[in-house]
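Working notes, beginning with the structure itself.
The values are calculated or read from the model by the stated rules, or taken from the named source; none is laboratory data. Bear in mind the structure is a predicted one, so any value in this text is a computation, not a measurement. Every residue, glycine among them, receives a Cβ derived from its backbone with ideal geometry; neighbour counts consider all protein chains shown. Surface areas here come from the heavy atoms of the whole protein model, side chains and all, with no ligands, DNA or RNA. Shrake-Rupley method; radii C 1.70, N 1.55, O 1.52, S 1.80 Å.
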Amino acid sequence: MRPAFAVGLVFAGCCSNVIFLELLARKHPGCGNIVTFAQFLFIAVEGFLFEADLGRKRPAIPIRYYAVMVTMFFTVSVVNNYALNLNIAMPLHMIFRSGSLIANMILGIIILKKRYSIFKYTSIALVSVGIFVCTFMSAKQVTSQSSSAENDGFQAFAWWLLGIGALTFALLMSARMGIFQETLYKQFGKHSKEALFYNHALPLPGFIFLASDIYDHAVLFNNSELYRVPVVGVTVPVMWFYLLMNVITQYVCIRGVFILTTECASLTVTLVVTLRKFVSLIFSILYFQNPFTLWHWLGTLFVFIGTLMYTEVWNTLGTTKGQPQKEEKKN
């Protein structure tokens, strides 16, 4: 497949996925578990049919390593989605998750003993400042919106702090998972599609512990207003339609990223994903009219400039095609 097609999948799938996730979260903020379960189930079934060959194909990477990776992946997915139930607005959610470079750098220094250039440390500082500005301004909004009742205001702010803690934990756990996955690929070779299947199939039994919450939201979804699906003409509860579209677009998004990693350099993949996040953020603000001040815009600008600096995109544009990129130094 051509890289342009993969880029199209990433933008179409990931951007539309954010739209349907926000439609779900606005109606039922605590629906993260049923969304995560539906996404995992769909990708696991698809992988079982086409990647695992109905269970007949042996994995290239031993299952015990996948078990460790899956524990981290499951935790990150659940915590990220549940954070939406803790007074975390979708724009802040996206901005905070854009700070993954910070977590990757910190854990890379601690675990892999990596050393980086001053240019990259500067870029991470910009990202950190951007996230801090957006987080601080969101905290003021949460406090002011709940100032009518002191107890309610304190409770809302406490839940918001818990949401920030959840996002921070998920960010660090995701970075740790990336390092673990990197070491596995070095040892056993790159098997991204296989990893995608096992990362979604093995955690499915864990949703038993969330069964009550998933069932409660399934009932709420059943009781939502009816919606006539275009083209097919079928009438279904609108929340189930949003969930179906979220699952499909999530699959398109993940597949697009997977194709892109096989067609392009990692720098290009990072740049495409970063630009996709920016487009999603802008659309969320404009379409859903999320509160976004001048300080939020400034913080967002810092985050994305810092991310582009980290990928050294300007240096890349000035070099000839095929010239090797400068790698991080290791001890």
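Debye calculation, C-alpha points only, no solvent: report log10 I(q)/I(0) for segment 161-285 at q = 0.09, 0.14, 0.21, 0.22 Å⁻¹, in the same order as the q values.
Result of the Debye calculation: -0.41, -1.00, -1.42, -1.42.
Can you list residues whose amide H is under 5 Å from TYR227's amide H, if they're 5+ apart or on another chain and H is modeled 1.01 Å from N?
Long-range HN contacts for TYR227: VAL236, VAL238.
Mind ranking TYR287, TYR242 by accessible surface for me, highest first, 1.4 Å probe?
TYR287, TYR242
Starting from the amide H of ARG115, placed 1.01 Å from N in the peptide plane, find each other amide H under 5 Å away whose residue is 5 or more places distant or on another chain.
Residues meeting the amide H criterion: LYS329, LYS330, ASN331.
Provide SER16, SER212 ordered by accessible surface of protein heavy atoms (probe 1.4 Å), highest first.
Ranked list, largest accessible area first: SER212, SER16.
Going by average Cβ density within 10 Å per residue, which order do the peptides 178-187, 52-61 take, highest to lowest?
178-187, 52-61
Using only the C-alpha atoms of segment 1-118, find the volume of their convex hull and express it per residue in Å³.
183 Å³
Can you give the extra length, in nm with one decimal, that the chain gains between LEU112 and VAL229 once fully stretched, where that is 0.36 nm per residue apart less the Cα-Cα distance?
Residue separation times 0.36 nm, minus the Cα-Cα distance, leaves 37.1 nm.
Could you tell me the calculated FRET efficiency between ASN222 and LEU54, based on Cβ-Cβ distance and R0 = 51 angstrom, to the nearest 0.05?
About 0.95, to the nearest 0.05.
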